[in-house]
Amino acid sequence: MQNPLVNRRHAGVTLLEVALALTLIATLALLSVPLTRNFNEAARLQLSRHLLEEGYARAQSQALRNPAGKARDEAAAVLVAADGGALCLYPDAAQARADCSGAPLWRAASPIAPALAVCDAAAPPPCLALDPAGLPAPAALAAKPCAAAPDYCIKGNADHVSGTL
């Protein structure tokens, strides 16, 4: 006579074993969702920071070249951080647009809108103007003064990145 346990094992998987496997798979899937969300937000923050750094480097390069022959106290390049995450570079304050319209020298779409100010600023300036030496210059865009220092803040849903360019 054969052992009944051996025959039962060869018959297939029990309902309890299937339920345990599905519970384990569901638990692992639920644990991975917050990790993926944090990873995606961190990647978007870093991409926004890199685009802002690229725009600042391009603005410094444009200001140092100074093709329009601007004086020391005039803006030779203007980096604009528009609503919605658009970044753009203009050759001077007269051509700069708060919505990045017109013909900027450079344009990028940031996944998270950066602010050209420290994180606790009430109303961040819309732009950063640089003089022919590549330093912040006095300028205004749409009657709002440009930033006086190359500080930035990029706020995500749960985290933020800030610093000085």
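The values are calculated or read from the model by the stated rules, or taken from the named source; none is laboratory data. Since this is a predicted model, take the numbers as computed values, not measurements. Heads up, the Cβs are rebuilt from the backbone with ideal geometry, glycines too, and the neighbour counts pull from every protein chain shown.
For the range 92-110, the set of residues classified as more than 14 Å from Ala142 (Cβ to Cβ), in contact with a Leu (Cβ under 6 Å, 6 or more places away or on another chain) and in a loop (DSSP other than H, G, I, E, B) consists of Pro104, Leu105, Ser110, listed by residue number.
Pairs are defined by a Cβ separation below 8 Å, a sequence spacing of at least 6 or placement on different chains, a first member in the range 114-129 that is closer than 9 Å to Lys144 by Cβ and in contact (Cβ under 8 Å) with a residue 24 or more places away in the chain, and a second member that is exposed (fewer than 15 other Cβ atoms within 10 Å of the Cβ) and among the hydrophobic types (A, V, I, L, M, F, W, C); the pairs so defined are Pro126/Ala142. Filtered by the rule that a residue be surrounded by fewer than 16 Cβ atoms within 10 Å (Cβ to Cβ) and modelled with pLDDT of 90 or more, the range 108-135 gives Ala109, Ala133, Leu135.
Among the residues of the range 139-165, the one identified as out of contact with any strand residue (DSSP E or B) (no Cβ under 7 Å at 6 or more places or on another chain), under 19 Å from Pro91 (Cβ atoms) and in a loop (DSSP other than H, G, I, E, B) is Ala142. Going by the conditions given, is Leu141 modelled with pLDDT under 90, farther than 16 Å from Thr164 by Cα and either buried (at least 19 other Cβ atoms within 10 Å of the Cβ) or in contact with a Cys (Cβ under 7 Å, 6 or more places away or on another chain) (or both)? Judged against the criteria, Leu141 is a match.
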